[in-house]
Amino acid sequence: MGYDLRAGEKPPLRVVILTGGGPRFILPFLGSELSIAGIIELNRQASPISLREHLKELIRRTRVLKYCRLQMHYQARNKGCSHHYIARGSDGALAQCLKALKPDVVVAYRIPLLKPDFLDIPALGFINLHPSLLPKYRGGHPILWMARDYDLEGGVSVHFMTPQADRGELLAQATFPITPGASEEQVERRAIHELGIPLAIRALKKLEQGTLATVEQPVESPTPYAYRRSHQQIWEMIDWDGWSLEHTWHMLRCHPFWKSRLPDMQRWRRWVDWRIGAIEWQLLPGARGEIESRRGGYCLRHRHGWITINPVIRPKRLLKLFLLWLLERPVALIEQYAQRR
């Protein structure tokens, strides 16, 4: 149905989703009333997901099928929405795809910093979701740096993108308390999926109606830039002499950077998972940050006590690995047959 421009009727915004966040990020937008013109997923490889990957995804997500990739393809097809895979770093292919989709606005999450030329492609610009209360913790790894500072005030910001990272005008923000010991995944789920996506959808509707108000950010941030760090660099961020035992425990619970330091991690990583456990208070003079074997697990030495590291054997995980092993041969045969045809 066409639009009567003489009557002042405007067409809906053409929204494009650009993300590396997968179906959990994309599906809420597809289920909204927004006009989604296309989905662009940034992957390590540009090729579409194979049959083998579809089956692996189905097995991995037996409890959350509503977030699986097959469901995303089904909803995108029903909405008449195109779906594209582009390899990370392929700037030419990404620019060509964006120009072909002719978006009014692009919603971005988990993407690398874009060149300034990209920001001029959509008519109204790029909107980004950031899991912190900007201008605090600008950068690619804010939740980790919040744990480093033992900052328990979580938040999410929806903002316009500019050539400078995370400095654009704010469209909406929300805050929530972070539970001590919460993992990075738990904080991200609360910030982005429970609060951020609904905020972004409401902001896009206001933008479509012409009632959106924005707020300028301060130039300076009160916190350091949240750079991404290697596991070794994250380990070196811990102040064993200055941090309390609870602060250190919270940092270790946030991110699994410590797993690479376990002696038998390489041997058992597919079958046994490891988890930071409880705190045991005890004055321990001497070295800090040492991992020692103890009662079938490990413990990490701190000046005020031990932080336990316990093995977690999950029967469902073993069952999934067994099913994936059974599927390897028949799936390979099906793919070979499809390539011959």
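Quick notes on this structure:
- Of all residues in the range 225-235, none are basic (K, R) and assigned to a helix (DSSP H, G or I).
- Failed item in (1) open to solvent by less than 20 Å² (accessible area, probe 1.4 Å); (2) in contact (Cβ under 8 Å) with a residue 24 or more places away in the chain; (3) not hydroxyl-bearing (S, T, Y), with L195 passing the rest: (1)
Residue by residue, here is whether (1) surrounded by 11 or more Cβ atoms within 10 Å (Cβ to Cβ); (2) touching a helix residue (DSSP H, G or I) at 6+ places or on another chain (Cβ under 8 Å); (3) without any contact (Cβ under 8 Å) to a residue 40 or more places away in the chain; (4) closer than 17 Å to Y150 by Cβ holds:
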| position | (1), (2), (3), (4) |
| --- | --- |
| K206 | yes, no, yes, no |
| Q217 | yes, no, no, no |
| S221 | yes, no, no, no |
| Q233 | yes, no, yes, no |
| P256 | yes, no, yes, no |
| K259 | yes, yes, yes, no |
| L262 | yes, no, no, no |
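- Of all residues in the range 143-161, those that are aliphatic (A, V, I, L, M) have Cβ atoms under 8 Å from Cβ atoms of residues that are open to solvent by 40 Å² or more (accessible area, probe 1.4 Å) and part of a strand (DSSP E or B), 6 or more apart or on another chain, in L152/P177; V156/Q173; V158/Q173.
- The number of residues in the range 166-189 being over 18 Å from T223 (Cβ atoms) and assigned to a loop (DSSP other than H, G, I, E, B) comes to 6.
- Looking only at residues of the range 110-136 that are of a type in the set (A, V, I, L, M) and in contact (Cβ under 8 Å) with a residue 60 or more places away in the chain, we find that the one that is surrounded by the most Cβ atoms within 10 Å (Cβ to Cβ) is L129.
- Checked against the criteria, A147 counts as closer than 30 Å to W243 by Cα, part of a helix (DSSP H, G or I), touching a helix residue (DSSP H, G or I) at 6+ places or on another chain (Cβ under 7 Å) and open to solvent by less than 10 Å² (accessible area, probe 1.4 Å).
- Selection count where residues are among the β-branched types (V, I, T), at pLDDT below 75 and within 28 Å of the chain's Cα centre (by Cα), scope the range 293-341: 1
- The residue of the range 286-307 that is surrounded by the fewest Cβ atoms within 10 Å (Cβ to Cβ), among those that are in a strand (DSSP E or B) and out of contact with any Asp or Glu (no Cβ under 9 Å at 6 or more places or on another chain), is E292.
- Residues of the range 68-88 satisfying the condition of being crowded, with 19+ Cβ neighbours inside 10 Å and modelled with pLDDT of 85 or more: C81, H84, I86
- Looking only at the range 1-45, residues that are more than 15 Å from L204 (Cβ to Cβ) and modelled with pLDDT under 75 come to 11 in all.
- Scope the range 126-144; condition closer than 18 Å to L18 by Cβ and touching a helix residue (DSSP H, G or I) at 6+ places or on another chain (Cβ under 8 Å); matching residues: F126, I127, L129, H130, P131
- Test: A182 is touching a His at 6+ places or on another chain (Cβ under 7 Å), open to solvent by less than 20 Å² (accessible area, probe 1.4 Å), in contact (Cβ under 8 Å) with a residue 60 or more places away in the chain and of a type outside the set (S, T, N, Q): no
- The residues of the range 89-109 that are assigned to a loop (DSSP other than H, G, I, E, B) and either open to solvent by 50 Å² or more (accessible area, probe 1.4 Å) or among the β-branched types (V, I, T) (or both), listed by number, are G89, K102.
The values are calculated or read from the model by the stated rules, or taken from the named source; none is laboratory data. These numbers were taken from a predicted model, which means no experiment stands behind them. Glycine gets a Cβ as well: all are built from the backbone with ideal geometry, and neighbour counts include every protein chain shown. The area values use the complete protein model at the heavy-atom level, side chains included, leaving out ligands, DNA and RNA. Shrake-Rupley method; radii C 1.70, N 1.55, O 1.52, S 1.80 Å.
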